[in-house]
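Worksheet: the structure to be examined is printed underneath.
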Amino acid sequence: MLDFRPPKESPLLIGFIKLFAPLYKKYGMSDTQIRVKEGALERFSKLKGKRALVCPNHSNRHDPQAMFFFGQAAKETFNYVAAREVFDWDHGFNGWWLQHIGAYSVVRGAPDRESFKMTKKILTEGKQKLVLFPEGEISRQNDTLLPLETGAAQLSFWAMDELDKQGSAEHIYIVPVALKYTYTGDIKPALAETLAKLEAKMGVPRPSGTKLYPRLMAVAERLIKALESEYNQEPSKDATLNDRITALRMAILTHMSNYLNIELPRSDRTLDAVRMLRNRIDDFVYESEDGLSEYEKELHAEKATEIKGFYKDLDRVVNFVSIYDGYIKSHMTQERFADVLERIEHEVLGQTSIKGPRSIIIDVGNPIDLRSYQHEYKTNKKVALQKITDDLSTQMNGMLETLEHERMKKFVE
């Protein structure tokens, strides 16, 4: 069943976190600092007291913390919407923290009416701004953005419809935000240490020489080979690494679609298929058990446990959705190297590590006023939603590119 988890804000806990934020950033996040780009807070402050959906990119597991600390700098407290499954992490303790800092759950792709009602309530009342990550997945790519869905715009329009019913002419804004992670020191020793752990775990002989890139490629080659064996894939002799990764992703998706008896979308975007399959899995796992007998509930639970195993397969596909031979070599910053290395860490070691002290640079784009699209939304909903989503994506990508261009970069050999 959907089992909605509502927000349960605790001002005492939020105040405690703010008080001890410096210690948490230093010891809990390996000496991570928040740096807000000049002018960003001024742009954000113009929406003080306004109803807004705040939309950051989602490249890192620490993005929610980054937004919490940005709210602290902006002197605002946010609500957050998060995928239902993350509330079960750490035996439910993660969910307890999330709810008490103002987060609530959503089952992606499902008609999660309680979540939609909460989103509409928060945006309509306008007491706090709402943070939503429109990519829907942790991309683990610090330079670029995954394709966005139109859900952020649709949720905002539903809230504005409610305002109209109340006779209010208030505006609702969507605010693009860019989060850029950069290491402040030389992390090559930490990269080498992580490679050594992976080489040991996977039985990969260390290549001669001290350069990191050949070692990474040797580990990646062994990983792809192991996964090809797992999914019964036999690459052709002339297949490139790119060909093999693409074929492996498709094999995983096809296996899942056959099991779930659904047809993959005709789009050639891998993420479209991932979202469709994840939505189907969520639909089954969290579907209502109303009217079922105890025996039928047991059968459903057994099937749900089996189907949940596909989450790991989807994570694999997302983990490698933007990896290709040459991804690092074309722009071998230590951050991009770490991005790819962390994907392999996640797959092989089950966890990732922060490679050294970091700075999270935050920028804020130009707010998108939904009132300016209202007439078009009423006449051609699909076009209006896509225009807003394209504007959001363009601004977020532009800010990420600018932040990458402006920062001091360290490269890996």
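Worth pointing out:
- Residues in the range 88-107 that are in contact with an Asp or Glu (Cβ under 9 Å, 6 or more places away or on another chain) and closer than 17 Å to Leu132 by Cβ: Gln99, Ile101, Gly102, Tyr104, Ser105, Val106, Val107.
- When every residue of the range 113-128 is checked against the conditions, at least one turns out to be surrounded by fewer than 21 Cβ atoms within 10 Å (Cβ to Cβ), in a loop (DSSP other than H, G, I, E, B) and on the phi < 0 side of the Ramachandran plot.
- Residues that are closer than 19 Å to Glu335 by Cα, modelled with pLDDT under 95, surrounded by 13 or more Cβ atoms within 10 Å (Cβ to Cβ) and not hydroxyl-bearing (Ser, Thr, Tyr) within the range 197-213 comprise just one, Leu212.
- Condition check for Leu179: assigned to a helix (DSSP H, G or I) and at pLDDT 95 or above: no
- Within the range 144-165, considering residues that are without any contact (Cβ under 8 Å) to a residue 60 or more places away in the chain and closer than 30 Å to Val318 by Cα, the one nearest to the chain's Cα centre (by Cα): Gly151
- Condition check for Ile360: assigned by TED's automatic domain parsing to the domain that holds Val131, more than 21 Å from Ile174 (Cβ to Cβ) and in contact (Cβ under 8 Å) with a residue 12 or more places away in the chain: yes
- Among the residues of the range 251-263, those identified as touching a residue at least 12 places away in the same chain (Cβ under 8 Å), under 20 Å from Glu228 (Cβ atoms) and not hydroxyl-bearing (Ser, Thr, Tyr) are Ala251, Ile252, Leu253, His255, Met256.
- Condition check for Lys197: in a strand (DSSP E or B) and charged (D, E, K, R): no
- Residue match in the range 372-382 (condition: in a helix (DSSP H, G or I) and within 22 Å of the chain's Cα centre (by Cα)): no
- For the range 9-24, the criterion of being under 27 Å from Phe157 (Cβ atoms) and surrounded by 14 or more Cβ atoms within 10 Å (Cβ to Cβ) is met by at least one residue.
- Residue check for Lys180: charged (D, E, K, R) and assigned by TED's automatic domain parsing to the domain that holds Phe116: yes
- Pairs are defined by a Cβ separation below 7 Å, a sequence spacing of at least 6 or placement on different chains, a first member in the range 279-291 that is in contact (Cβ under 8 Å) with a residue 40 or more places away in the chain, and a second member that is among the basic types (Lys, Arg) and surrounded by 15 or more Cβ atoms within 10 Å (Cβ to Cβ); the pairs so defined are Asn279/Arg108; Asp282/Arg108; Tyr286/Arg84.
- Residues considered: Lys129, Lys120, Lys46. Of these, the only one that is at pLDDT 95 or above, among the basic types (Lys, Arg) and over 16 Å from Pro176 (Cα atoms) is Lys120.
- Matching residues, the range 227-247, being surrounded by 14 or more Cβ atoms within 10 Å (Cβ to Cβ) and touching a residue at least 12 places away in the same chain (Cβ under 8 Å): Leu227, Glu228, Tyr231, Gln233, Pro235, Leu241, Arg244, Ile245, Ala247
- Among the residues of the range 1-23, those identified as closer than 29 Å to Arg358 by Cβ and either among the acidic types (Asp, Glu) or touching a residue at least 12 places away in the same chain (Cβ under 8 Å) (or both) are Pro7, Glu9, Ser10, Leu13, Ile14, Ile17, Lys18, Ala21.
- All positions within the range 51-79 that are outside any helix (DSSP H, G or I) and within 13 Å of the chain's Cα centre (by Cα): Cys55, Pro56, Asn57, His58, Ser59, Asn60, Arg61, His62
- Residue match in the range 389-396 (condition: among the polar types (S, T, N, Q), assigned to a helix (DSSP H, G or I) and buried (at least 21 other Cβ atoms within 10 Å of the Cβ)): yes
The values are calculated or read from the model by the stated rules, or taken from the named source; none is laboratory data. Given the structure is predicted, the values throughout are model-derived calculations rather than measurements. All Cβ positions, glycine included, derive from the backbone under ideal geometry; neighbour counts span all protein chains shown.
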